[in-house]
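The structure appears right after this line, and notes come after that.
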Amino acid sequence: MTTNGTTSSSGWSPSSWRTKPIKQPVAYEDQAAVDRSTGKLRRLPPIVTPKEIWKLRRALAEVAQGKAFLLQGGDCAELFDYCNDQAIDTKVKLLLQMSLVLIWGGNKPVVRLARMAGQYAKPRSSPMETVDGKQMPSFRGDILNGYPSDQRDIDPDRLVQAYFHSAATLNYLRAQLASGIADLNNPLEWDLGHVGDPELQQKYARIVESISESLRFMRTVGADTAGQLETVDLFTSHEGLLLEYEEALTRKLKHPSNRNVAPRSKPAPKVSPLTGGALVDPSIVEDAEVTGYYNTSTHFLWVGDRTRQPDHAHIEYFRGIENPIGIKVGPTTSTADLAQLLDIVNPRKEIGKVTLITRYGEGKVDELLPQHIEAVRRTGHTVVWQCDPMHGNTRSTTSGIKTRSFASIFSELASALRIHKDCGSFLGGVHLELTGDAVTECTGGSEGLQDEDLGARYETFCDPRLNEKQALELAFLVAGSQRG
Ligand code: PEP
Ligand code: MN
């Protein structure tokens with residue numbers, strides 16, 4: 001920050017994070033191999049463009065003002081192996097099904113953000129873990145090492161592999177969307193694959209029928225808006241954890257010509273209140289207005305609960321990019337830190353630039369969320385409030401399996417909805433770990449999965465995910481609350 005506090009970018013560069021202390025650091029042994037990988041990444045083309053990034057920023061400004069709802073979901077740890085058509089299709093289908101339920105519930109557009117095409121780096125509580133009685137380095141995500149016990153060494157070549165898996169995933173996603181996977185004229189194509197529960201099937205079928213009926217009516221009266229129902233926007237996101245990778249894909253690019261600068265909570269001063277003089281050299285302002293630094297690896301990045309210290313490397317990196325960003329907020333986030341973080345990453349108070357992803361746990365949300373809502377209100381920032389009911393509710397079974405109870409997840413989400421309402425705020429979105437497959441990783445839900453049932457299809461390589469049915473049940477909860 002400059003002393004007059006007008007620009008966030010002073011002293012910032014894509015590599016300035018290297019001057020700060022860092023959490024979750026990576027001790028690469030072969031620096032020459034890292035340089036080769038990052039050198040290669042620097043020459044590769046962007047995976048996403050500024051125009052797309054701004055489209056999402058404008059959509060999130062709508063969410064922050066209550067005019068749209070944000071649905072974000074995907075795996076905890078995305079594996080390179082998930083880069084195949086079946087795995088991508090089932091996840092996209094689930095997000096589309098959930099968004100249909102949410103549109104029906106809230107009567108407003110839904111912004112879809114997949115934890116996908118780059119969610120390859122994981123923060124870990126310990127550098128070592130025990131697997132089958134053997135001590136080994138923890139699995140830190142496919143971008144660093146592999147899950148099999150003989151692949152736990154950090155491998156710099158994985159940085160480049162991450163780029164290609166990310167690009168191939170997004171390429172297939174774009175192709176499927178362009179080919180009509182999300183065509184609203186055919187919502188029955190989005191059938192509820194694994195959901196055998198007749199009640200859920202029926203609820204969903206009613207929504208599909210009511211949408212189909214509205215569409216038939218629109219066509220009858222000639223109001224079918226050409227092309228607009230045939231596809232949807234779907235954006236990508238991942239945790240911005242491995243800064244070596246993020247830096248290499250950060251590019252100084254021209255802002256898109258149609259960038260409607262997102263509205264600001266308060267106008268930023270153009271002249272110094274003390275001297276009346278211009279705050280910065282006008283030529284710098286001009287340059288700053290033509291170009292900006294974009295993270296071109298994904299549309300949206302979030303900073304995790306373990307790496308969001310205001311004076312550390314990750315926040316230094318995050319403050320300089322144009323992308324919309326998320327910040328995880330948990331039981332250890334002080335109200336003072338929260339206010340400081342917002343001022344650092346969004347000094348111009350642009351509406352919807354920042355999404356606060358709250359993840360307290362069902363037992364703590366009542367005490368902490370109201371304080372955080374009030375603290376943010378005092379700062380004058382307008383954020384997207386998103387509830388992550390997953391990460392504060394992780395527990396171990398007696399046999400040591402990491403799981404989450406559906407009842408706890410449901411309870412934190414229901415509490416967040418109620419608390420926002422009580423505080424004169426509103427919940428703008430949900431952030432979930434989910435998969436379209438019929439896995440058994442979280443207990444409960446209408447199937448009534450017990451701890452003993454988890455072995456049947458426990459497939460996650462990190463945190464337990466909701467299966468298709470559990471995820472839809474949550475979508476119905478939010479939809480129900482929105483319909484009053
Ligand atoms: C995650 O989203 O997978 C994660 C690690 O979350 P948190 O930073 O909130 O613990
Ligand atoms: Mn997780």
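Quick check: residue separation of Lys108 and Phe164 times 0.36 nm, minus the Cα distance between them. What number comes out in nm?
16.6 nm
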Legend entry - Extension reserve of the Glu452-Lys252 stretch, reckoned as 0.36 nm per residue once the Cα distance is removed: 66.8 nm
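Scanning the chain for helices, which whole DSSP H stretches are 27 Å or more long along the axis (Cα) and average -1.0 or more by Kyte-Doolittle? Walk me through the intermediate numbers first.
Details: long enough: 85-106 (31 Å, 0.69); 157-178 (32 Å, 0.04); 198-220 (32 Å, -0.59).
Taking the DSSP H segments of the chain (at least 27 Å long, mean hydropathy at least -1.0), we get 85-106, 157-178, 198-220.
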Inset, instruction - Amide H neighbours of Thr333 under 5 Å, at least 5 residues apart or on other chains, H built in the peptide plane: list them. - result: none
Inset, instruction - Find the cysteines in the chain that fail to meet the 4.7 Å Cβ criterion with every other cysteine, and list them. - result: Cys83, Cys387, Cys423, Cys442
Legend entry - Local net charge near Gly480, Cβ-Cβ under 11 Å (Lys/Arg +1, Asp/Glu -1): +1
Inset, instruction - Express in whole angstrom the spacing between the alpha-carbon centres of the range 366-385 and the range 408-484. - result: 23 Å
Inset, instruction - Go ahead and estimate [θ] at 222 nm for the chain from helices alone: -39,500 (n - 2.57) per DSSP H run with n ≥ 4, summed, over the residue count, rounded to 500. - result: -11500 deg cm²/dmol
Legend entry - Distance in nm between pseudo-label sites at Ala27 and Arg377 (7 Å out along the Cβ direction from Cα): 4.8 nm
Legend entry - Neighbourhood net charge (12 Å Cβ-Cβ; Lys/Arg +1, Asp/Glu -1) for Ala68: +2
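Set the bar at 28 Å for Cα to Cα. Now go through Lys40/Lys122; Lys40/Lys328; Lys55/Lys402; Lys108/Lys254; Lys51/Lys364 and name every pair that lies beyond it. Intermediate values should be presented prior to the final figure.
Numbers: Lys40/Lys122 23 Å; Lys40/Lys328 31 Å; Lys55/Lys402 37 Å; Lys108/Lys254 32 Å; Lys51/Lys364 39 Å.
The pairs that break the limit, which is 28 Å between Cα atoms, are Lys40/Lys328; Lys55/Lys402; Lys108/Lys254; Lys51/Lys364.
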Legend entry - Residues whose placed amide H lies under 5 Å from that of Glu129, excluding near-sequence neighbours: Met136, Ser138
Inset, instruction - Count the net charge of all other residues whose Cβ sits under 12 Å from the Cβ of Ser149, scoring Lys and Arg as +1 and Asp and Glu as -1. - result: -2
Inset, instruction - Restricting things to alpha carbons, tell me how big the range 431-480 is in terms of Rg and Dmax, in Å. - result: 10.7, 33
Legend entry - Gyration tensor (Cα) of the range 337-410, equivalent ellipsoid semi-axes in angstrom: 30, 12, 10
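For the chain, what is the Kirkwood estimate of the hydrodynamic radius, computed as the reciprocal of the mean inverse distance between distinct Cα atoms, to one decimal in Å? Can you show the working numbers first?
On the way: mean 1/r = 0.0429 Å⁻¹.
About 23.3 Å, per the Kirkwood formula over Cα pairs.
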Legend entry - Rg followed by Dmax, in Å, when the range 45-92 is reduced to its Cα trace: 14.3, 38
Legend entry - Long-range HN-HN contacts of Phe235 with modeled amide H, under 5 Å: Arg112, Leu113, Ala114
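A short reminder: the numbers here are calculations on the coordinates, not readings from a lab. Computed from a predicted model, the values in this text were never measured in an experiment. Here Cβ is always computed from backbone atoms with ideal geometry, including for glycine, and neighbour counts include all displayed protein chains.
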